[in-house]
1. Say the dipole of the chain comes from +1 at the beta carbon of Lys and Arg and -1 at that of Asp and Glu; which of Ala204, Leu321, Phe100 then lies farthest toward its positive end?
2. Do you know the Lys pair count in the range 179-306 for C-alpha distances under 16 Å, with sequence separation 8 or more or different chains?
3. Quick one: which of 99-112, 190-203 comes out on top by average Cβ neighbours within 10 Å, and what's the full order, highest first?
4. How much accessible area per residue does the range 293-348 have, in Å², with a 1.4 Å probe?
5. Cα to Cα, under 13 Å, and not fewer than 8 places away if on the same chain: which aspartates and glutamates meet these conditions relative to Lys18?
6. Rounded to the nearest 500, what is the 222 nm mean residue ellipticity of the chain from helices alone, with -39500 (n - 2.57) per DSSP H run of 4+ residues and division by all residues?
7. Would you check the range 56-182 for Lys pairs whose C-alpha atoms are within less than 30 Å, ignoring same-chain pairs closer than 8 in sequence, and give me the count?
8. Report the per residue volume, in Å³, of the convex hull enclosing the C-alpha atoms of the chain.
Amino acid sequence: MVMMKETDSPFLMACRRKPAPYTPIWLMRQAGRYMKEYRALRRKYSFLEMCKNPQLAAEVTLQPIEQLGVDAAIIFADILLPLEPMGIRLEFAKDEGPVFRQPIREMKQIEKLRIIEAEEDLPFLTEAIRIVRKELDGKIPLIGFSGAPFTLASYIIEGGHSKNYTLTKGMMYQDPVAWDCLMEKLSEVLILYLNAQIRAGAQALQLFDSWVGCLSPTDYEKYVLPYSKKVIDGVDRSVPLIHFATTSSTLLERMKQAGGDVIGVDWRVDLGKAWSCLGYDVAIQGNLDPVILLSSVHLIQKEVKRILESAGGRPGHIFNLGHGILPNTPVDHVVALVEMVHQYSAKK
Ligand code: CP3
C-alpha cells in the first residue's frame with residue numbers, strides 16, 4: 001500500500017491544526033444520488049447491494065473524487081451496517097429510509113445482541129477500503145466512519161427515523177439498566193468496527209452523532225457522553241477523528257469532552273463563534289447549509305467567503321457542509337464550491 005505523509009495532505013494537516021497551503025474541503029455524502037453516475041448504478045443495484053459489493057462500493061467512493069477535486073474520500077458504506085451482524089434486521093424501504101421491523105425495546109432483546117467480529121462479519125467493507133486505498137495511490141486520504149452510540153440506539157429503538165425520540169428517551173429515563181446495556185454493547189461494537197477500518201487502511205475517522213441534538217446538555221452528559229468517550233478512547237488514535245453532530249450548539253463543549261481531534265458543526269451555528277467557545281486546541285469542520293448549493297453560484301460565493309472569514313484563516317479548519325449533500329444538488333455548483341474554497345483560502 002502506498003504510504004502517505006501527513007504533510008502531503010492539507011486535510012490531514014488541518015485535522016492536526018497544522019498550517020496547510022489552503023483550507024481543505026470534502027462533503028458529507030459526496031457519493032450519492034445527486035451524481036448521474038451513482039443514479040445509473042442504483043438503477044441496477046439496491047443501496048445495500050452496493051454497500052456489500054466491495055468493487056461497487058469502491059467505484060462509488062471514487063466517483064466524486066476526480067470530478068469535484070475534494071481533499072479527502074469517504075468510504076461508501078452506512079452507519080447502520082454494523083447493526084446487521086449484531087442480529088438486527090435492516091431494510092431500506094422505498095422513500096422511507098432505513099426501517100427496522102423488529103425494534104429493540106426490551107432488556108431480553110438487548111441481551112441477545114451479538115458483539116461483532118468486524119473483519120469476518122463485514123468483509124466487504126474492509127475489502128472496499130483496501131481497493132480504494134490502492135486506487136487513490138496516496139493522492140488524497142480516505143476517511144472511515146461509523147454512527148455514534150446514541151444515533152444508532154435511536155434508530156433501533158424507534159425502528160427508523162424519529163421526530164420526537166419518545167421511545168429512545170423513554171428507555172433512557174425509565175429503564176437505565178437496559179439503556180446502559182445497549183449503549184455499552186453498541187460502544188464495544190463500534191470500537192471493533194472502527195479499528196477494523198483503520199487496519200484496512202482508513203486514514204481518518206468520522207463519528208456521526210447526527211440526531212443527538214434532540215437532548216438537553218444535562219442528558220447528553222449523563223446518558224451519552226460516557227459511551228461516545230469510550231468509543232473515541234477505544235479507537236487507534238494514530239489517525240485523526242472527527243466528531244460530528246447536528247443541532248448541537250448547546251452540546252459542543254461536552255462533545256469536545258467526549259473527544260475528537262476535530263468537531264463537526266452544522267450551519268445553525270456561526271463557525272467562528274463555535275470555535276472560540278470550543279477553544280482553539282481542537283480543529284473544526286463545517287458548515288455551509290446544504291440548501292445553499294441549490295441556489296446560485298453568487299450566493300455560494302458569498303457564503304464561502306463568510307465561512308472562511310469566520311474561521312479567521314486559523315490552521316485547523318476543514319470546510320464541509322453542515323450536513324449531507326441533498327439529492328437535487330447541481331454537480332456544477334459543487335465543483336464551483338470546491339474551487340472557491342481552495343482559491344479564496346490559498347496562502348499566498
Ligand atoms: O458521505 C458519504 O459519501 C459516505 C457514505 C454515507 C452514506 N450514509 C451513504 C448513504 C455516509 C457517511 C452515511 C452516513 C449515514 N447514514 C448517516 C449519518 C449522516 C447523516 O446524514 O446524518 C445516517 C443518519 C445514515 C442512515 C441513512 N442511510 C439514512 C437516514 C438514509 C436514507 C437517506 C435518504 O435520503 O434516503 C440512508 C441511505 C443512504 N446512505 C444513501 C446513501 C448514498 C442513499 C441511498 C440511495 O437511495 O441511493
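The values are calculated or read from the model by the stated rules, or taken from the named source; none is laboratory data. Since the structure is predicted, the reported quantities are computational estimates derived from the model, not experimental observations. Quick reminder, even Gly has a Cβ in these numbers, built from the backbone with ideal geometry, and neighbours come from all protein chains shown. Calculation scope for accessible area: heavy atoms of the full protein, side chains included, ligands and nucleic acids excluded. Shrake-Rupley method; radii C 1.70, N 1.55, O 1.52, S 1.80 Å.
1. The one lying farthest along the dipole's positive direction is Leu321.
2. Here the count comes out as 8.
3. Details: 99-112: 14.8, 190-203: 22.3.
Going from most to least packed, we get 190-203, 99-112.
4. In whole numbers, the range 293-348 has 47 Å² accessible per residue.
5. The qualifying aspartates and glutamates are Glu6, Asp8, Asp261, Asp281.
6. -13500 deg cm²/dmol
7. The result is 7.
8. Values: hull volume 41.9 nm³, N = 348.
Value for the chain: 120 Å³ per residue.
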